[in-house]
Amino acid sequence: MYTASFQIVPIKIENLEYIIDEVIEIIKSSGLKYEVNAHSTVVEGDLEELLELQSEIIKECEKVSERCVFTFQIDIKRGGVKMDEKVRKYRMEPR
């Protein structure tokens, strides 16, 4: 199990929310566990699933934006790593 973060910065696009919404739909439809944050989206899955998802997101960006900066980071840990394990200690309790 791996975790990956995705960040998209569309350049020269009129409707910024549109591309973000489209990418989130791609992630949702993947069936992978994910969490949307203020600056990125974190996804959990097998390496092949994450790389396939990355490819789909890139294709969507090419389709709807003249230019887009796409950042992809992956946490590779022998034995795997899950989102909850990484952040459980730091999560804020609901007010």
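Counting the residues of the stretch 62-85 that are in a loop (DSSP other than H, G, I, E, B) and either touching a Ser or Thr at 6+ places or on another chain (Cβ under 7 Å) or of a type in the set (D, E, K, R) (or both) gives 5. For the stretch 71-85, the tally of residues that are β-branched (Val, Ile, Thr), under 24 Å from Ile20 (Cα atoms) and surrounded by 13 or more Cβ atoms within 10 Å (Cβ to Cβ) stands at 1. Assess whether Ile20 counts as being among the aliphatic types (A, V, I, L, M), in contact with a helix residue (DSSP H, G or I) (Cβ under 7 Å, 6 or more places away or on another chain) and on the phi < 0 side of the Ramachandran plot. So Ile20 fails the test. Leu50 passes every criterion in (1) under 13 Å from Ile8 (Cα atoms); (2) out of contact with any helix residue (DSSP H, G or I) (no Cβ under 6 Å at 6 or more places or on another chain); (3) in contact (Cβ under 8 Å) with a residue 12 or more places away in the chain apart from (1). A single member of Arg88, Arg95 is in a loop (DSSP other than H, G, I, E, B), loosely packed, with under 14 Cβ neighbours inside 10 Å, basic (Lys, Arg) and at pLDDT below 90, and it is Arg95.
To keep it simple, each residue is scored yes or no on (1) over 9 Å from the mean Cα position of the chain (by Cα); (2) modelled with pLDDT under 90.
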| residue | (1), (2) |
| --- | --- |
| Tyr2 | yes, no |
| Pro10 | yes, yes |
| Ile13 | yes, yes |
| Ile20 | yes, yes |
| Ile26 | yes, no |
| Ser30 | yes, no |
| Lys33 | yes, no |
| Val36 | no, no |
| Thr41 | no, no |
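Restricting the search to the stretch 72-88, which residues are within 12 Å of Leu47 (Cβ to Cβ) and of a type in the set (Gly, Ala, Ser)? Hit for the stretch 72-88 is Gly80, nothing else.
Residues of the stretch 56-76 being more than 18 Å from Glu14 (Cα to Cα) and either without any contact (Cβ under 8 Å) to a residue 24 or more places away in the chain or not β-branched (Val, Ile, Thr) (or both), which ones? Break it down into steps so the answer makes sense when it comes.
Taking the stretch 56-76 first, the residues more than 18 Å from Glu14 (Cα to Cα) are 56-59, 71-76.
Those that are more than 18 Å from Glu14 (Cα to Cα) and either without any contact (Cβ under 8 Å) to a residue 24 or more places away in the chain or not β-branched (Val, Ile, Thr) (or both): Glu56, Ile58, Lys59, Phe72, Gln73, Asp75.
For the stretch 62-70, check the following and say yes or no: at least one residue is surrounded by fewer than 17 Cβ atoms within 10 Å (Cβ to Cβ) and more than 16 Å from Ile19 (Cα to Cα). Looking through the stretch 62-70, none of the residues is surrounded by fewer than 17 Cβ atoms within 10 Å (Cβ to Cβ) and more than 16 Å from Ile19 (Cα to Cα).
The values are calculated or read from the model by the stated rules, or taken from the named source; none is laboratory data. Predicted, not measured: the structure shown is a model, and the values here were computed from it. Quick reminder, even Gly has a Cβ in these numbers, built from the backbone with ideal geometry, and neighbours come from all protein chains shown.
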